[in-house]
Each structure stands twice: as C-alpha cells, then as structure tokens.
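First the structure, in the form of structure tokens, and then the observations on it.
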Amino acid sequence: MLASGKASVRMNLATIRIRRPQAFAAYLREISVFIDGTKVGGVKNGGEARFDVRPGGHSIYVKLDFYKSK
C-alpha cells in the first residue's frame, strides 16, 4: 500500500528518489530527469520526484538546457 492509500503492484521494483533543494538559480524552471537515457520526468525547485525501476544498475542524470549532471 502506498502513502496515498492507493494499492499498487510494486513487486520486484526499486524506487529512485531525486530531491532538488530550493534555490534562487533557475527557480521557475523544472529540471529534467533521465534514467537509462530516457526522460522519465522532472523536478521543480524545492521538489522531489520518485521513479520505480527494476533492481540493478542504472544510468541517472538531470539536465537543464545544455547543463547536465555527471
């Protein structure tokens, strides 16, 4: 059972959580989140996003315009 109270089948899944601290730089912009080269969502200033993935190794990065995390 998830925190929202809705049932979900999450067998054999792991959760990746991305937290973005609140900051003045690009505060109106959403940062894109990529897992294994695919855009899976975004994170707003001061926000958090969660993504369910299969257990194992993954390539994860965030991007804003031409800036990309390592």
*How many of the residues in the range 13-49 are surrounded by 11 or more Cβ atoms within 10 Å (Cβ to Cβ), touching a residue at least 24 places away in the same chain (Cβ under 8 Å) and assigned to a strand (DSSP E or B)?*
10
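Each row is one residue, and each column tells you yes or no for (1) more than 17 Å from the chain's Cα centre (by Cα); (2) modelled with pLDDT under 95; (3) among the hydrophobic types (A, V, I, L, M, F, W, C).
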residue	(1), (2), (3)
S4	yes, yes, no
F24	yes, yes, yes
R29	no, yes, no
I35	no, no, yes
*Residue in the range 40-57 that is farthest from the chain's Cα centre (by Cα), counting only those that are of a type in the set (K, R) and within 24 Å of F24 (Cα to Cα)*: K44
*N12 passes all but one of (1) at pLDDT below 95; (2) on the phi < 0 side of the Ramachandran plot; which number fails?*
(2)
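The values are calculated or read from the model by the stated rules, or taken from the named source; none is laboratory data. This is a predicted model, so every value here is computed, not measured. Using ideal geometry, Cβ is built from the backbone for each residue, glycine included, and neighbour counts are taken over all protein chains shown.
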